[in-house]
Amino acid sequence: MVTGLSPPQGFEANFIEKALEGIKDRLLRDKALTGRTFVFRDRIHAGMLLAEKLKESGIEDSFILAVPSGGVPVGRMVAEKLRAPLDLAICRKLPVPSNPEAGFGAVAPDGTLALNQPLVRGLGLTEEEISRTVSRVLEEIRRRDQVFRQGKPFPDMAGKSVVLVDDGLASGYTMLVAAMFLRKRNAGRITVAVPTGSVDALMLVAPQADLICCLNIRSSLFGFAVADAYEHWYDLDDGEVLRHLQEARKIHQLNPT
C-alpha cells in the first residue's frame, strides 16, 4: 500500500468535511486518503483502486468514458474491472492566452462550453479572444478524435448508465463540460469517477453528476495539483493512449459483459 503525508488537521480538515456535507449522500470516497499526497504509485495503480471502489458500490452495466489523455489508463482499469466498454469523452480546457498552463473553462466536442466566469472577468477576456481560443481547442479535439477514435460516431448514450473517468480534478471545468455534453445526449445515470480531486472541483461538478467517486479529496486552500497524488507522474503521448485503448478493447472482447 502506498502511504502519503499525514491527513490534514484542524481548520483544513474541518473545511473539507463541512464543504462536502451537501453532497455526502452522493459521494464515494476513501476517508483514509483525505488530504494526503503521493497516495498512488501511478495512474494504473490509481485506476485499480478506483475500480475496486466502484465495484464495491455496485456500479455495473455502465459505459466507461475516459477523458484523454491522463484519464485513459485510469479508465482502462475501471473498464477491465467492471467488464465494460471503454470510449472517450474528448473534452479540453480553454487555456488562458497569457498562461497556457492555466485554464478559464473547457469545451466539449459539440462546442458545449463551461466558462469560469469570475476568471474570465478578472482576466478581461473579450468575446473575440474566447472565440479564437475555443476554435483552436476544437481543432485539437477533432485531431484527437481522428487519432484515438478514427472519427467514429459518438455512441448513443440515451438512457445509459455512464462512468466518466479522469486522472483527477483540479478546477473541475473539463469534467463539468463532459457531464454537460452527456446530459445533452440524454444519458441516464452519470457517475464521475476520479482518483483525486479538490473540494472546489467536486462541488462544481456535483450538480451535473448523480454520483461522485473520488478516493483522495484535498482542499485547495494552499494550492492544488493533480500530480501531487501520484509518485510517478508524466504526460502521456498519443502512442501510449492508443496502446491503452487497444488493450482495453482486447480485454473487453475476451471478457464481454
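The values are calculated or read from the model by the stated rules, or taken from the named source; none is laboratory data. If you're wondering where the values come from, they're calculated on a predicted model, not measured in any experiment. Positions of Cβ are backbone-derived with ideal geometry, glycine not excepted, and every protein chain shown enters the neighbour counts.
Where strands (runs of 3 or more DSSP E) sit wholly within the range 11-97, those with at least 1 residues that are buried (at least 20 other Cβ atoms within 10 Å of the Cβ) and of a type in the set (Val, Ile, Thr) occupy 62-66. Of all the criteria given as (1) among the hydroxyl-bearing types (Ser, Thr, Tyr); (2) surrounded by fewer than 24 Cβ atoms within 10 Å (Cβ to Cβ); (3) touching a helix residue (DSSP H, G or I) at 6+ places or on another chain (Cβ under 7 Å), the one not satisfied by Thr196 is (2). For the range 121-140, the set of residues classified as out of contact with any Lys or Arg (no Cβ under 7 Å at 6 or more places or on another chain) and within 20 Å of Ala179 (Cβ to Cβ) consists of Val134, Leu138, listed by residue number.
Taking each residue of the range 108-124 that is on the phi > 0 side of the Ramachandran plot and surrounded by 11 or more Cβ atoms within 10 Å (Cβ to Cβ) and looking for partners that are not in a helix (DSSP H, G or I) and not basic (Lys, Arg) with beta-carbon atoms closer than 7 Å, six or more apart or interchain, yields nothing. Just one of the listed residues (Asn216, Asn186) is over 17 Å from Ala66 (Cβ atoms) and surrounded by fewer than 22 Cβ atoms within 10 Å (Cβ to Cβ), and it is Asn186.
Conditions tested, residue by residue: (1) over 24 Å from Ala209 (Cα atoms); (2) modelled with pLDDT of 95 or more; (3) of a type in the set (Ser, Thr, Tyr).
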{"residue": "Pro97", "(1), (2), (3)": "yes, no, no"}
{"residue": "Gln117", "(1), (2), (3)": "no, yes, no"}
{"residue": "Ile141", "(1), (2), (3)": "no, yes, no"}
{"residue": "Asp167", "(1), (2), (3)": "no, yes, no"}
{"residue": "Thr191", "(1), (2), (3)": "no, yes, yes"}
{"residue": "Val194", "(1), (2), (3)": "no, yes, no"}
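Taking the range 229-257 as the search range and keeping residues that are β-branched (Val, Ile, Thr) and either within 18 Å of the chain's Cα centre (by Cα) or surrounded by 13 or more Cβ atoms within 10 Å (Cβ to Cβ) (or both), which one is modelled with the lowest pLDDT?
Kept after step one, since they are β-branched (Val, Ile, Thr), are these residues of the range 229-257: 241, 251, 257.
Retained after the next criterion (residues that are either within 18 Å of the chain's Cα centre (by Cα) or surrounded by 13 or more Cβ atoms within 10 Å (Cβ to Cβ) (or both)): 241, 251.
On the way: Val241: 98, Ile251: 85.
Result: Ile251.
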